[in-house]
1. So what's the range A:502-649 giving for Cα Rg divided by 2.2 N^0.38 Å, two decimals?
2. What is the Cα centroid distance between the range A:538-570 and the range A:179-195, reported in whole angstrom?
3. Report the full-extension gain for the segment residue A:495 to residue A:320: residue separation times 0.36 nm, less the Cα-Cα distance, to one decimal in nm.
4. If the reach is capped at under 26 angstrom between alpha carbons, list the lysines near residue A:340, excluding any in the same chain fewer than eight residues apart.
5. Compute the Kirkwood hydrodynamic radius of the range A:11-123, taking the inverse of the mean of 1/r over all pairs of distinct Cα atoms, and give it in Å to one decimal.
6. May I ask for the Kirkwood hydrodynamic radius of the range A:414-465, worked out over all distinct Cα pairs and given in angstroms to one decimal?
7. As a test of understanding, state the convex hull volume per residue of the range A:167-284 from its alpha carbons, in Å³.
8. Over 27 Å between Cα atoms: which of B:74/B:101; A:605/B:81; A:157/A:542; A:563/B:81; A:542/B:81 fall into that group?
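No value in this document is a laboratory result; all are computed from the given coordinates. Since the model is a prediction, treat every value here as computed from it, not as a measurement. Note that we place each Cβ from the backbone using ideal geometry, even for glycine, and neighbour counts take in every protein chain shown.
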Amino acid sequence: MNNFGFYIMILGFVLSLHSSLFFFLGHLKNNKILIISAQRSFYLVIVMVSITSFSLIYSFLTNDFSNIYVANHSSLDMNRALTLVAFYSGNEGSLLYILFIHVILSGIMYRFAPSYIKNKLNISCSILAIISSFYLFVMIFFANPFQVSEFIPNDGKGINPLLRHPGMYIHPPLLMCGLASISIPFVLCQGSLFDRSNSNNWHTILRVWCLFSWAVLGSGLLIGAWWAYTILGWGGYWGWDPIENVGLMPWLVLTALIHSIMVEERRGIFRLWNIILISLTFVLALLGTFINRGGPVVSVHSFAASTLGFLFLIFMIVMTFYSVISIIYNYKNLTNNENKIESYLSRESSLLLNNILLVVSSLIILWGVIFPVVSIILNDTEISVSAPYFDKTAGPIFLFIIILMGIGPILSWRKTTKKAVMIRLTPSLIITLLIGIYLYLSGIKEFFPFISFISIFFVLTIIIREWVGGTRSRMSNSYNPIPSFFNMIISNRGRNGGYVVHIAILALAFGVVGTKFYDERLDVNISVSEEIEFKGYSILFKEIQQEFIGENSITKANFIVSKISNPDETTNITAMHSYYPNYNQISVRSGISSTPIEDLYIIPKDFIDENNMTLRIAINPLAWWIWLSGPILILGTLITLWPNKIKRN
Amino acid sequence: MSGMIYVKNLKFILLFNFFLLTVLCSCILPEENSEKDLYIQLEKEIMCPVCDGQTLDQSQSLIAEDMKNTIKEKVSQGYNKEEIKNYFVARYGEGVIAYPKVEGFNIFAYLIPIIGLIFSLLIFGFYIRKQKLG
């Protein structure tokens with residue numbers, strides 16, 4: 001089976017090279033036969049990669065420990081449901097997974113491309129095939145998931161304990177899928193660059209794919225944060241780790257892009273800027289892969305660390321070079337638009353400002369990620385750049401982006417008068433002022449959180465005002481506000497979906513500010529049946545339980561928690577340590593009792609004996625809102641993406 | 001008349017820049033009288049030297065727990081923030097602090113983002129001005 005998988009992979013590699021070459025030649029010579037041949041191998045690559053992936057899954061399911069990858073990432077006692085997690089839990093398998101997603105998405109993009117651009121996609125498909133060839137090349141020559149060892153172990157090493165969590169079914173696949181899917185908008189934009197007919201049909205499909213990548217990458221990041229919050233047991237969710245940052249950077253630039261594409265759709269300007277943004281996103285995604293596969297910075301996400309960094313670095317440099325050349329080559333084509341920005345107070349300007357702030361924040365994060373390397377090279381000192389740096393540099397910019405999120409959407413295209421802006425802003429300003437006074441009186445006096453909270457409420461009131469206004473104007477023929485509200489939402493899906501996503505971002509910001517500035521911690525030694533009080537909670541340590549599942553031992557601590565103000569209503573919280581002897585690793589699962597106001601978070605630090613343990617008790621205010629933002633974000637994206645009725649001519 | 005409007009707008013941009021800068025600086029400068037516990041602050045500002053880019057509060061390794069206890073001890077003995085940080089720097093090197101200190105070569109860590117931000121905002125202002133005129 002291992003040889004079979006490997007040979008199919010080689011076949012896929014040859015087909016992929018063939019497809020990229022023939023798409024290119026077919027485009028140059030305008031030869032239909034070459035293109036049809038390229039198309040066939042393009043689709044056959046999907047078949048080959050799928051067969052390869054299934055043969056690796058087969059090896060996992062049959063416990064074929066002669067395969068080194070299988071032996072290192074699974075074991076006999078592993079729950080079969082974890083096979084999929086084991087599949088991408090190491091370097092070789094994750095490469096295969098990324099390739100699988102890449103070819104599937106490429107196939108979907110090409111198969112379902114609207115007929116008016118389908119015959120212009122040759123260059124795009126050629127680049128897609130080059131990317132597949134690159135991955136296949138790396139796997140065939142450097143990271144073969146089908147490598148066989150001469151010595152066959154009786155049992156495998158098992159899957160990394162940290163990965164045994166429901167979040168692991170979704171977080172890595174979504175994140176890798178998001179990063180891999182960025183190549184689709186990139187190649188579409190390359191296709192539009194070489195489209196000499198100057199048709200303006202590209203941005204609809206471009207926007208759909210950008211939104212897809214954006215939503216997938218965004219949810220991947222959020223679920224990663226949720227996983228860290230529930231399993232890593234440190235009370236936080238975002239550590240500004242290099243690998244987290246390289247996922248965040250393309251997402252920020254993509255956010256800029258989905259805004260500026262609107263300007264191109266509407267006014268025909270920003271074309272060059274959009275192409276620069278797409279190329280930047282793509283390069284940042286490749287940078288992410290490079291850093292992930294053995295880049296020069298240290299990270300906790302070491303699952304795929306390997307010595308392959310240089311290959312990805314070379315690929316990244318080649319692709320960067322190629323994007324720059326292709327932009328310069330088509331420069332004249334990109335800047336021949338008659339339309340101009342007419343005023344500072346216009347939707348265009350606000351979107352451009354939003355773009356600049358997003359790109360700058362992303363580049364600042366990039367600077368923070370590479371600064372330790374810069375410092376070693378130029379200054380010969382080892383320094384760390386971690387959370388405090390990013391909080392201070394990128395944090396304020398995010399705040400401005402949020403404020404802009406409120407003002408931008410109420411500005412009209414082309415130009416707005418100051419008076420019109422003030423009329424639409426006044427109610428929000430008044431309400432925000434009142435909220436500000438209330439917050440100040442209730443003790444929120446520190447500068448940054450205060451400004452953040454009132455900005456969040458400011459933006460929220462603006463969105464609500466827009467919706468109330470829209471609903472009212474639709475209520476002239478019906479007196480029921482609910483259908484009017486939904487009609488109003490449906491009437492302009494792009495805009496209202498955008499508002500829903502903005503609300504998601506507000507919820508996220510609300511939670512981040514709450515947890516960042518108002519968290520409380522207490523470290524205690526506690527014995528069974530002891531009761532402690534902390535920040536209005538009374539926490540009773542009920543018992544310690546010990547369980548064995550196979551070789552792994554699980555130690556649980558049970559607590560009964562109640563509010564001091566309301567002692568009758570109690571909650572049970574369980575916090576545990578699981579010890580995995582195969583990995584000699586302890587995985588900590590914290591006990592969390594979550595409400596919209598605050599989370600009580602109990603981290604078991606150390607079990608001293610049968611009756612005593614040390615704990616960290618943390619209060620994380622508003623953390624609940626961070627996780628709420630995920631579903632709202634998906635909902636908003638779906639509203640935006642839901643196709644309008646197809647116009648038939 | 002139209003010239004007036006542009007000058008006004010430029011002022012607006014400069015003001016906006018200035019506002020951004022003050023916020024940035026207020027965030028970068030160390031907060032002296034923050035109400036939070038010194039111990040929790042330090043835990044977030046000191047790296048665990050062996051755990052690949054985690055701060056102490058993120059790590060549960062033995063050495064991290066050990067360092068946390070040391071911080072607790074030092075705080076209860078009345079050492080201030082700088083003294084405790086210096087103690088760890090002397091033991092583990094500059095890399096144990098979770099952010100580049102605003103001194104020497106490290107100034108570039110902060111200078112480049114600030115310059116980049118101001119520069120890009122100025123470009124934004126002039127770009128729109130040019131578009132309006134042209």
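1. Here the Cα radius of gyration is 1.39 times the empirical estimate.
2. Answer, in whole Å: 53.
3. Full-extension gain reported as 59.7 nm.
4. A:332, A:415, A:418, A:419, B:8, B:11, B:130, B:132
5. Taking every pair of different Cα atoms in the range A:11-123, averaging 1/r and inverting gives 15.8 Å.
6. This gives a value of 11.8 Å.
7. 88 Å³
8. A:157/A:542; A:563/B:81; A:542/B:81
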